[in-house]
Amino acid sequence: MEKYDLIIIGAGPSGLTAALYAGRAGYTMLMIEKTGPGGQIMLTDKIDNYPGFEDGISGFELQDKLYKQAVKFGLHMISDSVISIKKENDLFIVSTLTGKTFTSISVILSTGATHRLLGVQGESRLSGKGVSYCGTCDGPFYRNREVVIIGGGDTALTEALFIAKFAKKITIIHRKETFRAVSSLIKQTTSLPNISFIMNSVVTEITGENEVNGVVVNNIKTGAIETLKTDGVFVFVGLDPNTDFVDSSLLDKAKYIITNDKMETSVKGLFAAGDVRSETFRQIVCACSDGAKSAQYAGEFIDEQKGNSYQ
Ligand code: NAP
């Protein structure tokens, strides 16, 4: 069994920042990542609220920079899915889907969150056939075509701005009277001529035989039901945390991991950072901050366990 000071699970901005800090401090570490580095930022075309990039930066470019910087300080990453974490005799035992087992003194959970499904008829059948969860990936397919976007948060409006570069017409359908997204995004989206809004309404069905051709929209105030023709449907209705393998005693009601200000969970030596944390401000800059803090306090814990505290 390979033994490390630290295992970091998940290679989004929080995990990569934790790796940078832990590597720079000289700890041996392993990162286990299910797909590839970047996490949700890989689904974002342009990030203009990450400090230091006055003209914005693409999700891919930021991921590339974070990853290369962590590698420079010793990041070693493997591609695998973690299926369980146990603690035995002061060591964490991390098991993966491919049957590998690793041990470490400390673990940082930085597995992030994944887009939520709308859960209506037609959604899963037409997924990839006009139903999408990634504007950056699929927006360019809708040049001069019409799309519907569902949701009223930062993701829905950020993605709408990107898709608006291609689509002839975008209709944003939101279940409330007001948006959850920040005002700057509301201003930008409402000022574009090819974006219109249907408020107080939910989509109850996505229609089409082999590809999307419409949505059934229910106005929840008036009860009116209409079918809207569309070529594509983008669903941005929030996130679910990636915590399937985490013991339920560490989670809040929505299955996010509960931590204190030091990113500690209730298990000594087990930390969480980034979007997977309960009650956090889900921004890239905050994920990076969480990553730095989790590495710092994991480092202190590792030193204590090894008996080489500098105090
Ligand atoms: P979110 O903030 O949770 O918003 C989800 C939206 O979907 C809400 O408007 C919600 O409506 C709606 N919704 C949820 N379930 C629905 C359903 N079943 N049917 C119809 N509508 C539904 O999720 P998000 O926009 O993905 O953002 C997630 C986090 O990432 C947030 O903390 C956000 O600030 C952050 N983020 C930041 C940036 C940025 O800074 N540039 C970009 C993207 C995301 P209600 O409002 O009625 O609940």
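The values are calculated or read from the model by the stated rules, or taken from the named source; none is laboratory data. Keep in mind that what you see is a predicted model, and the values were worked out from it rather than measured. Neighbour counts run over all protein chains shown; Cβ positions are idealised from the backbone, glycine included. Just so you know, the surface numbers come from the protein's heavy atoms only, side chains and all, with ligands and any DNA or RNA stripped out. Shrake-Rupley method; radii C 1.70, N 1.55, O 1.52, S 1.80 Å.
Points to keep in mind about this one:
- Test result for residue 255, among the basic types (Lys, Arg) and either more than 15 Å from the ligand (Cβ to nearest atom) or modelled with pLDDT under 95 (or both): no
- Flag if residue 175 is under 16 Å from residue 116 (Cβ atoms) and among the basic types (Lys, Arg): yes
- Single residue of the stretch 26-64 satisfying the filter (more than 13 Å from the ligand (Cβ to nearest atom), small (Gly, Ala, Ser) and closer than 30 Å to residue 97 by Cα) that is surrounded by the fewest Cβ atoms within 10 Å (Cβ to Cβ): 26
- Among the residues of the stretch 237-252, those identified as away from the ligand (no atom under 14 Å from the Cβ) and outside any loop (DSSP other than H, G, I, E, B) are 248, 249, 250, 251.
- If you go through the stretch 211-233 and keep only what is closer than 21 Å to residue 135 by Cα and of a type in the set (S, T, N, Q), you end up with 213, 230.
- Number of the condition not met by residue 171 [criteria: (1) more than 13 Å from the ligand (Cβ to nearest atom); (2) closer than 30 Å to residue 302 by Cα]: (2)
- Against the conditions (1) assigned to a loop (DSSP other than H, G, I, E, B); (2) open to solvent by 40 Å² or more (accessible area, probe 1.4 Å); (3) under 27 Å from residue 83 (Cβ atoms), residue 297 satisfies every one except (1).
- Taken over the stretch 239-255, the criterion of being within 30 Å of residue 207 (Cα to Cα) and surrounded by 17 or more Cβ atoms within 10 Å (Cβ to Cβ) is satisfied by 239, 241, 242.
- Odd one out for residue 234, checked against (1) of a type outside the set (S, T, N, Q); (2) assigned to a strand (DSSP E or B); (3) away from the ligand (no atom under 16 Å from the Cβ): (3)
Conditions tested, residue by residue: (1) under 14 Å from residue 33 (Cα atoms); (2) open to solvent by 40 Å² or more (accessible area, probe 1.4 Å).
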{"residue": "76", "(1), (2)": "yes, yes"}
{"residue": "80", "(1), (2)": "yes, no"}
{"residue": "86", "(1), (2)": "no, yes"}
{"residue": "93", "(1), (2)": "no, no"}
{"residue": "96", "(1), (2)": "yes, no"}
{"residue": "107", "(1), (2)": "yes, no"}
{"residue": "113", "(1), (2)": "yes, no"}
{"residue": "126", "(1), (2)": "no, no"}
{"residue": "130", "(1), (2)": "no, no"}
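- Test: residue 181 is outside any helix (DSSP H, G or I) and either more than 16 Å from the ligand (Cβ to nearest atom) or buried (at least 16 other Cβ atoms within 10 Å of the Cβ) (or both): yes
- Qualifying residue in the stretch 256-268 (condition: loosely packed, with under 14 Cβ neighbours inside 10 Å and within 25 Å of residue 159 (Cβ to Cβ)): no
- Check on residue 71, away from the ligand (no atom under 16 Å from the Cβ) and in contact with a Phe, Trp or Tyr (Cβ under 9 Å, 6 or more places away or on another chain): no
- Residue check, residue 149 crowded, with 18+ Cβ neighbours inside 10 Å and either within 24 Å of the chain's Cα centre (by Cα) or within 16 Å of the ligand (Cβ to nearest atom) (or both): yes
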